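Please read the structure below before turning to the comments.
The values are calculated or read from the model by the stated rules, or taken from the named source; none is laboratory data. As the structure is a prediction and not an experimental result, all values here were calculated from the model. Neighbour counts are summed over all protein chains in view; Cβ atoms, including those assigned to glycine, are modelled from backbone coordinates with ideal geometry.
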Ligand SMILES: Cc1cc2nc3c(=O)[nH]c(=O)nc-3n(C[C@H](O)[C@H](O)[C@H](O)COP(=O)(O)OP(=O)(O)OC[C@H]3O[C@@H](n4cnc5c(N)ncnc54)[C@H](O)[C@@H]3O)c2cc1C
C-alpha cells in the first residue's frame with residue numbers, strides 16, 4: 001500500500017477536493033499519476049474497470065523500451081500501477097466517470113457512478129475501445145465465440161478454428177497469439193496487404209497455422225449455442241465464402257471513450273480530444289493524454305510520453321494557481337479557438353467548499 005499524501009481531506013458532508021483527478025488508468029493515466037503524486041500533488045485516479053487499460057489485455061509487449069525480452073501486458077500494467085501507488089496516487093477502480101463540469105470557483109466537479117469529487121486540475125486519459133462491426137450475429141454471440149480480446153479468451157480455443165478480422169498490428173499479433181491454442185487461424189482482411197509492422201507480417205506469413213483471406217469483409221456470424229461459422233464476402237468478386245470457425249476476434253479499429261466529454265472540451269470529428277502541444281485541452285486546467293487524444297500514434301510509448309507531459313503541465317498550472325497569478329482560478333480558454341463550455345454554464349455546487357484547496 002502506498003503512502004497517502006492527501007492533504008485536502010473533506011470534513012463530513014463535504015466533497016473531496018484533489019489537486020489532480022485523472023480519468024482512466026491505462027498507461028497514460030498511470031504515468032500521469034506517477035508524475036503528479038511524485039510531485040507531491042494529491043492525486044486521484046478513477047478507472048471504470050481494473051487499472052491497466054488496453055495493455056492489461058495484451059499478451060506480449062515487445063516494443064516498449066527497457067524490456068528486451070518483451071513483457072506481458074498484464075505485468076507492465078501492474079508495474080505502472082504499483083509505481084503510482086508507491087508515490088501516493090490514490091486509485092479507485094470499478095468507478096466510471098459520467099461527467100466533468102467546471103465550477104464557479106475554478107475547480108472541476110467530477111461525477112462518477114458512485115460519488116462526486118472535486119479537482120483543481122483534471123487529466124483525461126480514457127483511452128479507446130474496440131469498434132464493433134455491427135454484422136448480424138456479433139452482438140448475439142458475445143461471450144459465445146465473439147471476442148475482442150485474444151489474451152482473455154484465446155485459451156478457450158485449444159484445438160479449434162478461429163477467425164481474426166483486421167489487418168493492423170493488433171489483428172496480426174493477436175492472431176499469432178491465437179495460434180498457440182487454435183489449430184487454424186483465418187485472418188480476414190478487407191485489402192490485399194496488411195497494415196501491420198513488417199516484422200509482425202513476416203512472422204505471420206511464416207506461421208503454418210495462419211491462413212489469409214484477402215479482400216474480404218465479414219458479413220454474418222452463425223451458430224446455434226456457440227459460433228459455428230463466419231460468412232465473408234470478397235469485395236472484388238462479391239463471392240461469399242463460409243469459414244467454419246468456433247470463434248471470431250475483431251480488431252477493426254477503435255472509438256475514443258469520450259462521450260462523457262461532449263460540450264466540455266473540444267473533440268475532433270471522430271471524437272478524439274483536441275489538445276495543443278502541451279496536452280492542454282480547450283478548457284484551461286483540463287489536460288488530455290494517450291489514445292483518447294487526437295494524435296497520430298496509438299502506442300504505449302506515446303501514451304506514457306503524453307501522460308508525463310500532461311502531468312507536468314497540470315502541476316505548472318497548479319503552481320500558477322498557488323501563486324495567485326492574475327486570472328488564476330477562472331475558467332478560460334487554454335489556447336486559441338472557442339471554449340466549449342464556460343464556467344458559468346456549470347452552475348453552483350451546493351456541497352463545494354468555498355474555494356480551491358491549497359496544499
Ligand atoms: C490487442 C492490443 C495489443 C496492443 N499491443 C501493443 C503493443 O504491443 N505495444 C504498444 O506500444 N501498444 C500496444 N497496444 C496499444 C496500447 O495498448 C495503447 O496505445 C495504450 O494502452 C493506450 O494507453 P491509454 O492510457 O491512452 O489508454 P487505455 O489503455 O485505453 O486506457 C484507458 C483507460 O481508461 C478507462 N476509462 C475509459 N473511460 C472511462 C471513464 N468514463 N471513467 C473511468 N475510466 C475510464 C478504461 O477502462 C481504460 O482502463 C495494443 C492495443 C491492443 C488493443
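Tabulated data for the structure shown
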{"read-out": "Residue within segment 222-238 that is over 21 Å from residue 56 (Cβ atoms) and in contact with a helix residue (DSSP H, G or I) (Cβ under 9 Å, 6 or more places away or on another chain) present", "value": "no"}
{"read-out": "Criterion: touching a strand residue (DSSP E or B) at 6+ places or on another chain (Cβ under 9 Å) and in the same structural domain as residue 293 (by TED's automatic domain parsing) - qualifying residue of 156, 124", "value": "124"}
{"read-out": "Checking residue 142 against (1) under 30 Å from residue 94 (Cα atoms); (2) modelled with pLDDT of 95 or more, the condition it does not meet", "value": "(2)"}
{"read-out": "Tally of residues being closer than 17 Å to residue 170 by Cβ and near the ligand (Cβ under 6 Å from one of its atoms) across segment 28-55", "value": "3"}
{"read-out": "Whichever residue in segment 56-83 is more than 8 Å from the ligand (Cβ to nearest atom) and under 11 Å from residue 27 (Cβ atoms) and, among such residues, is farthest from the chain's Cα centre (by Cα)", "value": "79"}
{"read-out": "Residue count, segment 293-307 (criterion: surrounded by 18 or more Cβ atoms within 10 Å (Cβ to Cβ) and within 6 Å of the ligand (Cβ to nearest atom))", "value": "3"}
{"read-out": "The listed residue being assigned to a strand (DSSP E or B), in contact with a helix residue (DSSP H, G or I) (Cβ under 8 Å, 6 or more places away or on another chain) and either within 15 Å of the ligand (Cβ to nearest atom) or in the same structural domain as residue 274 (by TED's automatic domain parsing) (or both), out of 172, 185, 117", "value": "185"}
{"read-out": "Selection count where residues are within 12 Å of the chain's Cα centre (by Cα) and either modelled with pLDDT under 95 or on the phi > 0 side of the Ramachandran plot (or both), scope segment 21-49", "value": "1"}
{"read-out": "Strands (runs of 3 or more DSSP E) wholly inside segment 228-291 containing at least 1 residues that are surrounded by fewer than 14 Cβ atoms within 10 Å (Cβ to Cβ)", "value": "240-243"}
